[in-house]
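Visitor: My questions will all concern the structure given below.
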Amino acid sequence: MAHETVNNRGDGTVRRFEGRVAIVTGAASGIGAAAAARLASEGATTVFVDIDGNGAAAKADEAGGTALALHCDIAEPESVAALHREVLERCGKIDVLVNAAAQVPFVAWDDLTFEEWRRVLRVNLDGLYLMCRASSDAMRQNGYGRIVSVSSNSIFAGTPNMAHYVASKGGVLTFSRALATELGAAKITVNCVCPGLTDTEGVRKTDHVNAFEFVDMLQAIKGRGVPGDIVPAIAFLASEEAHWITGQALTADAGMVRW
Ligand code: 4PL
């Protein structure tokens, strides 16, 4: 089921983000870490943000160059405000925001409590709102911005054992459409990427890790999705040349869902 990952060109030969400042949340692991590494390798001054500050620091160290890491609980208004103050002080502006931070639960409907619902919604939607609120205010001052948020193909499939997550990821998509309207006048684009099941630290901590075979059966292209398979879609939407694309969702799931 393993497949060869194509040349993802994270080797610095393509440099679409030279002179850009990028914030990536969820950058300590999974899709966030891979996206942050790519933006950094293509020349962005990249801020690796995570609630796991040490994990983010380790990934920023690997990236080298001008990469920096900052701890943030994106669901806490004060924490998000402090993050933005520090980024603006140290980097001067914000050009790109990649929202990859999320809780990935595996909880059957019968066990889903309001407390668990809130635990997931607070990060996946409250956190998204707070990050977009603060970053877009900074982007508006440049009259340039790229916001790319990670949704999920589970919003089309109604994937089991994560009803609250599916609700939150549907919100990521529809919020992105609305925010695209709000920010168009400032030349800020807002899009999302919908990955399929991807082999990440977050997924491996749950029983979703046992779903790869089932998902493989539904894919047009066979294989186990890894973060590097999702990164090109994120980097494209985060790039300057994607300026005519906003309010869109790009599914990256080997053709499991056709939408
Ligand atoms: C199809 O986003 O999209 C499991 C776990 N299966 O998190 C997901 C599918 C999972 C998904 C997801």
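Visitor: Being closer than 24 Å to Glu241 by Cα and part of a helix (DSSP H, G or I) narrows it down to one of Ala185, Ala167, so name that one.
Guide: Every option except Ala185 fails the conditions.
Visitor: Also, quick follow-up: Looking only at the stretch 129-151, count every residue that is open to solvent by 10 Å² or more (accessible area, probe 1.4 Å) and within 16 Å of the ligand (Cβ to nearest atom) and tell me the total.
Guide: Residues that pass the stated criteria total 1.
Visitor: So, one more: Please determine whether any residue of the stretch 211-226 is within 20 Å of Gln141 (Cα to Cα), outside any loop (DSSP other than H, G, I, E, B), at pLDDT 95 or above and of a type outside the set (Asp, Glu).
Guide: No - not one qualifying residue is present in the stretch 211-226.
Visitor: Moving to a separate point now. Picking from Ala67, Ala37, which residue would you name as being in contact with a strand residue (DSSP E or B) (Cβ under 6 Å, 6 or more places away or on another chain) and open to solvent by 10 Å² or more (accessible area, probe 1.4 Å)?
Guide: After ruling out the rest, the residue left standing is Ala67.
Visitor: Find the residue count for the stretch 191-207, including only residues that are open to solvent by 20 Å² or more (accessible area, probe 1.4 Å), assigned to a helix (DSSP H, G or I) and either polar (S, T, N, Q) or touching a helix residue (DSSP H, G or I) at 6+ places or on another chain (Cβ under 8 Å) (or both).
Guide: 2
Visitor: May I pose another question? Restricting the search to the stretch 82-101, which residues are touching a residue at least 12 places away in the same chain (Cβ under 8 Å) and open to solvent by 40 Å² or more (accessible area, probe 1.4 Å)?
Guide: Glu86, Leu88, Arg90, Gly92, Lys93
Visitor: A further question follows. Tell me, yes or no, whether the stretch 181-190 has at least one residue that is open to solvent by less than 30 Å² (accessible area, probe 1.4 Å) and within 12 Å of the ligand (Cβ to nearest atom).
Guide: No: zero hits.
Visitor: Can you name the residue in the stretch 229-254 that is open to solvent by less than 20 Å² (accessible area, probe 1.4 Å) and part of a helix (DSSP H, G or I) and is also nearest to the ligand (Cβ to nearest atom) among such residues?
Guide: Ranking the qualifying residues of the stretch 229-254, first place goes to Ile230.
Visitor: Another question, then. Which numbered condition in (1) on the phi < 0 side of the Ramachandran plot; (2) touching a helix residue (DSSP H, G or I) at 6+ places or on another chain (Cβ under 8 Å); (3) within 12 Å of the ligand (Cβ to nearest atom) is the only one that Gly158 fails?
Guide: With respect to (1) on the phi < 0 side of the Ramachandran plot; (2) touching a helix residue (DSSP H, G or I) at 6+ places or on another chain (Cβ under 8 Å); (3) within 12 Å of the ligand (Cβ to nearest atom), Gly158 is out only on (1).
The values are calculated or read from the model by the stated rules, or taken from the named source; none is laboratory data. Worth saying up front: this structure is predicted, and the values here are computed from it rather than measured. Cβ atoms come from the backbone with ideal geometry, glycine included; neighbour counts cover every protein chain shown. Heavy atoms of the whole protein, side chains included, go into the accessibility calculation; ligands, DNA and RNA do not. Shrake-Rupley method; radii C 1.70, N 1.55, O 1.52, S 1.80 Å.
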